[in-house]
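Student: Mind looking over this structure? Questions follow.
Nothing in this text is a laboratory measurement; each read-out follows from the coordinates by a stated rule. Keep in mind that what you see is a predicted model, and the values were worked out from it rather than measured. Positions of Cβ are generated from backbone atoms using ideal geometry, with glycine treated the same way; all protein chains shown enter the neighbour counts.
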């Protein structure tokens, strides 16, 4: 679990919410959510938001966001069968990148069970070398309401 000196994020720290149904297979032999599954949930929270908000299949855009960096801070155990609520907020918007922060909550508590960092960098999907490129306008318009300028 995480170091005690860093405060756990709360529900108030996030702007957009998605409920994720946990599955039996998400738990590991220790009876809690497998660490790799947290990253699946982060990916689901971000990309489902983009699909729904833009109204387009973001995989088909000529410029796509690829995951350049991820991390997770585990604060307490979660697992099947209770659903997980994923809170989403944007910490930074650059010309070609977005830094998302995702909080995973299970149960009635106000503090997150886990907090993820998820960085999308936009690349040219029409060029085999996939050079970094400015973010598409429809993506920028979608992420701006999530941005909390510090």
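Student: Mean separation of Cα pairs under 8 Å and 6+ residues apart, divided by the residue count of region 13-87: what relative contact order is that in percent?
Tutor: That works out to 63 percent.
Student: Quick one: grab Rg to one decimal and Dmax as a whole number for the chain, Cα atoms only, in Å.
Tutor: Here Rg and the maximum Cα pair distance are 15.9, 47 Å.
Student: Mind ordering 134-145, 24-35 by average Cβ neighbours within 10 Å, highest first? Don't skip to the answer; put the middle values down first.
Tutor: On the way: 134-145: 16.1, 24-35: 13.3.
Final packing ranking: 134-145, 24-35.
Student: So what's the back-of-envelope 222 nm ellipticity for the chain, counting only DSSP H runs of four-plus at -39500 (n - 2.57) apiece and dividing by all residues, rounded to 500?
Tutor: Value at 222 nm, helices only, nearest 500: -6000 deg cm²/dmol.
Student: Which three extents, in whole angstrom, do the alpha-carbon atoms of region 21-105 cover along their principal axes, largest first?
Tutor: Taking max minus min along each principal axis of the Cα atoms, region 21-105 gives 42, 23, 18 Å.
Student: Specify the residue with the greatest mean-square fluctuation among 36, 114, 45, computed from a Gaussian network of the chain linking alpha-carbon atoms under 10 Å apart.
Tutor: The residue that fluctuates most here is 36.
Student: So for the pair residue 47, residue 15, with labels modelled 7 Å out along Cα→Cβ, what separation do we get in nm?
Tutor: Each label point lies 7 Å from its Cα, and together they span 2.2 nm.
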